[in-house]
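Presented below is the structure to which this report refers.
The values are calculated or read from the model by the stated rules, or taken from the named source; none is laboratory data. Predicted model, so just to flag it, every value in this text is computed and none were measured. Every residue, glycine among them, receives a Cβ derived from its backbone with ideal geometry; neighbour counts consider all protein chains shown. Remember, those area values only see protein heavy atoms, side chains included, never the ligands or the DNA or RNA. Shrake-Rupley method; radii C 1.70, N 1.55, O 1.52, S 1.80 Å.
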Amino acid sequence: MKLFTKGLAALAAGLLMAGADAGATTVRVHYAAGKEGIRIRADKGAAGWSKGVAATPSDAPLNVWTYTWPDALGEIAMKPTLGEDKVSIGGVYKLAPGATVDIYPFFGAPFGKVSIVKDFASPQLNNKRSLRIYLPPSYEENPAKRYPVLYMQDGQNLFDAKTAAFGVEWRVDETINRLVATGVMDEVIVVGIDATADRIPEYTPCCDPKYGGGRINAYDTFVTATVKPFVDRNYRTLPGKDGTAILGSSLGGLAAVLIAQRHPDLFGQAGAMSGSFWWNDGAPSSKPANKVPVRFYLDAGTRDDGVADTLKMRDAMLGKGYKEGADLMFHSAEGARHDEKSWSERVDKPLAWFFPWGASKQ
């Protein structure tokens, strides 16, 4: 009888455990923590905010640490720590009830690094240029992690005042470092594609009465068939469209919008800061492309920055079915001009809209 009673108790305990697993909220922390281990701090359950509790290491795969809550607790806000006290950099992770979420934290200094790929050849344009690659803070620290990618025109202006037009850089790396450290945006790889002496024709369709242009098709193919495959082969990217964006300013912004409209299978987000929508007597807004499944960011300054043309483009896109706040964002930058200083002061807006904290999925 005692054995029978114990058997019933064990069966009941097993059923309760199975029920807990079936209705559980789980985080899986991917990090080579070694002897320090991973602990979990959270707003609910046994894992408190002040100290936390140990996560369980898995035997296979290695370097995965798991912790579970009953889903009856509702949404969980949590952060992992390396050992007792090293809290992960960035924002709070939020887990929906019943979800299993994989996270890839880092604990070191929140500073990314920029490297340069020199003399990168374009068979489509028959020229060469540099690619400036920003790798995010955790890239070397957590090799299990993969990253969304932002492609940007005028790469020479993004990271270094010595190469930037008029000696003013966009400070893209410093801005991303700050936004990641404060939990505003996810980590990303940025690929800055330098402009060449043929910047105007490369970034434009045919043909503006004053400036001509017309090599956007070749530049488009260079970005999509040469640059992107190179980046996806050589870096730990999330290559799908949801993790891929393209952004530029002025003519580079026009190019970004046109390329994304043509390749909604490759780009999930695109943006034009002070986009040159005046091109060819306003053809981009007077003959707008049909709606595609891409989220677009448009902005302009209010001082000599073509805001009227950008508003026409916004209105044309709304007329095609885009919804402001959903798949279209417009920002009017009060007092801003058509220059690198102005773009550097608001580049945080498209960055945070494209890649909000917690949006990237491995």
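Points worth noting:
- The residues of segment 135-243 have, on average, 39 Å² of accessible surface per residue, using a 1.4 Å probe with all protein chains present.
- A Stokes-Einstein calculation at 10 °C with viscosity 1.306 mPa s, built on the Kirkwood radius of segment 255-331 over Cα pairs, returns a diffusion coefficient of 130 µm²/s.
- For LYS210, the aspartates and glutamates whose Cα falls under 14 Å of its own Cα, not counting residues fewer than eight places away in the same chain, are ASP281.
- Candidates per trypsin sites (Lys or Arg not before Pro) in segment 130-167, loop by DSSP, up to 10 other Cβ within 10 Å: LYS162
- Amide H to amide H, with H built 1.01 Å from N, THR25 comes under 5 Å of TRP69, ASP71, GLY98, counting only residues 5 or more places away or on other chains.
- Extension gain, GLN362 to ALA121: 0.36 nm times the residue separation minus the Cα-Cα distance gives 83.7 nm.
- Taking every DSSP helix (H) stretch of at least 4 residues in the chain, weighting each as -39,500 (n - 2.57) and dividing the sum by the residue count yields a mean residue ellipticity at 222 nm of -7500 deg cm²/dmol.
- Viscosity 1.567 mPa s, 4 °C: Kirkwood-radius Stokes-Einstein D of segment 99-160 over Cα pairs, µm²/s: 92 µm²/s
- Computed over Cα pairs, the Kirkwood radius of segment 135-182 leads via Stokes-Einstein (0.692 mPa s, 37 °C) to a diffusion coefficient of 270 µm² per second.
- Paramagnetic label zone (point 7 Å from Cα along Cα-to-C-beta, SER130; backbone N under 19 Å) in segment 161-176: 161-175
- Theoretical gain in end-to-end length, LYS113 to TYR235 [0.36 nm per residue, Cα-Cα removed]: 42.6 nm
- Given R0 = 51 Å, the distance between the Cβ atoms of SER332 and ASP59 translates into a calculated FRET efficiency of 0.40.
- GNM result for the chain, Cα springs below 10 Å: residue of TRP279, TRP65, TRP49 fluctuating most strongly: TRP49
- Among (1) 75, 51, 48; (2) 60, 46, 42; (3) 97, 42, 38, the entry derived from the coordinates for Cα extents along the principal axes in Å: (3)
- Across segment 87-104, computed HN-Hα scalar couplings (Karplus, 6.51 cos²θ - 1.76 cosθ + 1.60, θ = phi - 60°) run 7, 4, 7, x, x, 7, 8, 10, 10, 6, x, x, 7, 10, 10, 9, 10, 10 Hz from first to last residue, x flagging Gly and Pro.
- Of the chymotrypsin sites (Phe, Trp or Tyr not before Pro) in segment 194-267, those whose Cβ has at most 16 other Cβ within 10 Å and which sit in DSSP loop: TYR211, TYR235
- Here each label is just a point 7 Å from Cα along the line to Cβ, and for LYS287 and GLU174 those points are 4.3 nm apart.
- Each listed q (0.15, 0.27 Å⁻¹) maps to a log10 I(q)/I(0) for segment 297-362, found by the Debye formula over equal Cα scatterers with no solvent: -0.54, -1.15.
- Note on segment 207-300: Cα-only Rg and Dmax are 13.6, 43 Å.
- Other-chain or far-sequence residues with amide H under 5 Å of TYR151's (modelled H): VAL191, ALA245, ILE246, LEU247
- Segment 17-89, dipole about Cα centre (Lys/Arg Cβ +1, Asp/Glu Cβ -1), debye to the nearest 20: 200 debye
- Counting every C-alpha pair in segment 211-362, the share spaced more than 25 angstrom apart comes to 27%.
- For segment 312-362, the solvent-accessible area of protein heavy atoms averages 49 Å² per residue (probe radius 1.4 Å; ligands and nucleic acids excluded).
- Built amide H within the under 5 Å cut-off of LYS44, gap 5+: ALA77
- Of LYS312/LYS361; LYS35/LYS79; LYS94/LYS228, those spanning more than 26 Å from alpha-carbon to alpha-carbon: LYS312/LYS361; LYS94/LYS228
- Projected over every direction and averaged, the convex hull enclosing the alpha-carbon atoms of segment 28-101 yields 4.6 nm².
- Derived scalar couplings ³J(HN,Hα) [segment 161-177; Karplus, 6.51 cos²θ - 1.76 cosθ + 1.60; whole Hz; x for Gly, Pro]: 4, 5, 9, 7, 4, 6, x, 10, 9, 7, 6, 5, 5, 4, 5, 5, 3
- Here segment 252-295 exposes an accessible surface that is 52 percent carbon and sulfur, computed with a 1.4 Å probe and the other protein chains kept in place.
- Semi-axes of the equivalent ellipsoid of segment 191-259 are 25, 11, 10 Å, computed as sqrt(5λ) over the eigenvalues of the C-alpha gyration tensor in descending order.
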